[in-house]
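Presented below is the structure to which this report refers.
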Amino acid sequence: MTLEQLKQKVEKRQSELKALEKELKDEEKARIKAEEAFKKLEALTPDISQSVQGLLDKAKITLPAGKQIIITAGETGLSTSIVNTKAERTGRGGGAKTITFEGQQISWAKLCGLKNIVRTPGGSAHRDVYNKAKELHDSIEHQCVVDQKSYPIAKN
């Protein structure tokens, strides 16, 4: 290969590299923009839930027992579903119990994920919230299996 051919090959590769770098920057900008939009949607979800409930109340429509409206933010936008709710399990141990947090029925484990509470491997998510985020734990309405109290505790 001649020196001229090598120079042409290098120039070709450099132009390909520049094109790839531009494509990478564009993709990164698009990803950041999508993440920002997703965060905005997630932040609006409780307000949208309240608005939907307000519309149902205004129309004097009540959901049948055991049904709940769930609004979630996803990659394609907001999704609204009417779902069957499971009865809250009671008792000591034995698995996930649902709690109501910001108008949504979720598990303690999901709450740990939402609030970045580090989980104890093989441990109870409820106990993790109790030990690592006591103020949050105490603000959630539930019958606590850790200390046998009903929360939130009414202040007289």
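The values are calculated or read from the model by the stated rules, or taken from the named source; none is laboratory data. Please read all numbers here as calculations on a predicted model, not as lab measurements. We place every Cβ from the backbone using ideal geometry, glycine too, and count neighbours over all the protein chains shown.
A quick yes/no check of all residues on (1) touching a Leu at 6+ places or on another chain (Cβ under 9 Å); (2) among the β-branched types (Val, Ile, Thr):
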site: Ser107; (1), (2): no, no
site: Leu111; (1), (2): yes, no
site: Gly122; (1), (2): no, no
site: Ala125; (1), (2): yes, no
site: Asp128; (1), (2): no, no
site: Lys132; (1), (2): no, no
site: Val146; (1), (2): no, yes
site: Tyr151; (1), (2): no, no
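Only one of (1) farther than 16 Å from Ser79 by Cα; (2) surrounded by 10 or more Cβ atoms within 10 Å (Cβ to Cβ); (3) of a type in the set (Asp, Glu) fails for Asp47. Which number is that?
All conditions pass for Asp47, except number (1).
Mind listing just one residue for me: the one in region 26-75 that is among the β-branched types (Val, Ile, Thr) and over 23 Å from Ile99 (Cβ atoms) and, of those, modelled with the lowest pLDDT?
Ile61
What are the residue pairs meeting all of these: first residue in region 127-156, first residue under 16 Å from Thr100 (Cα atoms), second residue among the β-branched types (Val, Ile, Thr) and surrounded by 16 or more Cβ atoms within 10 Å (Cβ to Cβ), Cβ atoms under 7 Å, and 6 or more apart or on different chains?
Val129/Ile117; Leu136/Val129; His137/Val129; Ile140/Ile99; His142/Ile99; Tyr151/Ile140
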